[in-house]
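Engineer: Dropping the structure in here first, questions after.
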Amino acid sequence: MKLTYYPMAPIGTIRSCFSTRNGTPRQPLIVPLARACLVFNTTRVPPASLEGLAEYSHCWVLYVFHLNTDLEKLWKHPSQSGFKAKVRVPRLKGGRMGVFATRSPHRPCPIGLTVAKVEAVQENMILLSGVDLVDGTPVLDIKPYLPYCDSIQKAVVPNWLMEDSLLSISSVSFAEDFASALENCCKMAEKKSLYASPSEFQRLIKQVLSWDIRSLSQRNRPHDARSKNDNDDEVLVNACDEDEHQDDRACLHEKEQNSVDSKDIIYHLILEGLDVSYRIDHHGNVNVEKVSPSSFLDKISNSCSYLTWKDKLQ
């Protein structure tokens, strides 16, 4: 069979509050405070291309799953790529579903589609909110959201998609000294922040952690991905978003491991280069403990400044 290829290159790049895949929402708009800036390549997209977009409340964003762990396989011939027709679904507790019945990033063509709120348009940038995009995401195209044809009133979805409580968190609380620690961290990165104040940034943290952002394997087997820190606490490094692509051998591995009390596991969420550590108890309550600069802090782009969002969103 003759393969046909079409020349496509990113027209812009997302500068997002989500420094890593871990914590990036699985769907758009469920974290209203999740912000990003789409910065266009002016050699490909003249600023005049954005005229009129600010009159729309939302837009569609087509992008590349650039952190997809299967990207290297996709360069191979289809017969050698090892592409899997079914993926694991978090809402099915690891049950498999055909890839085209899901929004898994592990696709034959790793193209994503999301909708975001248009907050403002500035020269070669669009300020967005409610995003589910990780920092550095390459964008292929944007299109305005049209309610009269994009919103289907009688659309039907499978019953397993209605189980919202499966990934919801009972409560999110913060340590007494968290607010002051966050304020100190924000002073270090203020000019690079998408948020106007530490209190607003703390609300973002609460919205993100109101959903269980751990992978399926980490929810079932937190002891499988842990290490020791200097204080001999159990530390779980950043969760990945590969719920839908877990190996079948994991089920056998689970039976061979000894359980670890979930309260001894420390999870990490990286937002705007800040490392937020938290624990989850058996009842689904999140306790946010600490915040500190992470190695991602220096990688945050200066393209979207604190003043940009402060001026546009007040």
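The values are calculated or read from the model by the stated rules, or taken from the named source; none is laboratory data. Because the structure is a prediction, the values reported are computed rather than measured. For accessibility, only protein heavy atoms count, side chains too; no ligands or nucleic acids. Shrake-Rupley method; radii C 1.70, N 1.55, O 1.52, S 1.80 Å.
Engineer: Ordering Thr43, Thr102 from largest to smallest accessible area (1.4 angstrom probe), what's the sequence?
Structural biologist: Highest to lowest solvent-accessible surface, that is Thr43, Thr102.
Engineer: What are the ³J(HN,Hα) couplings of the range 195-204, residue after residue, when phi is run through the Karplus curve with 6.51, -1.76, 1.60 and θ = phi - 60°? Round to Hz, x for glycine and proline.
Structural biologist: 10, 7, 7, x, 5, 5, 5, 5, 5, 4
Engineer: In Å, what Kirkwood hydrodynamic radius results for the range 101-201 from the alpha-carbon pair distances?
Structural biologist: After inverting the pairwise mean of 1/r, the radius is 18.2 Å.
Engineer: Would you give the gap between the C-alpha center of the range 173-219 and the C-alpha center of the range 59-135, rounded to a whole Å?
Structural biologist: 25 Å
Engineer: Please list the non-local residues whose amide H lies under 5 Å from the amide H of Gly12, H modeled 1.01 Å from N, same-chain partners needing a gap of 5 or more.
Structural biologist: Amide H neighbours of Gly12: Asn41, Val139.
Engineer: Check Phe18: other-chain or 5+ apart residues with amide H under 5 Å from its amide H, H built from backbone geometry?
Structural biologist: The answer is Asp135, Glu272.
Engineer: Filter Lys73/Lys93; Lys93/Lys117; Lys206/Lys290 down to the pairs with a C-alpha to C-alpha distance above 21 Å, please.
Structural biologist: Going by Cα-Cα distance, Lys73/Lys93; Lys93/Lys117 fall outside the 21 Å limit.
Engineer: Return the sequence-ordered ³J(HN,Hα) values of the range 6-12 in whole Hz as given by the Karplus equation 6.51 cos²θ - 1.76 cosθ + 1.60 applied to θ = phi - 60°, using x for Gly and Pro.
Structural biologist: So the Karplus estimates, Gly and Pro as x, are 10, x, 9, 9, x, 9, x Hz.
Engineer: Report the convex hull volume per residue for the range 25-97, counting only C-alpha atoms, in Å³.
Structural biologist: 167 Å³
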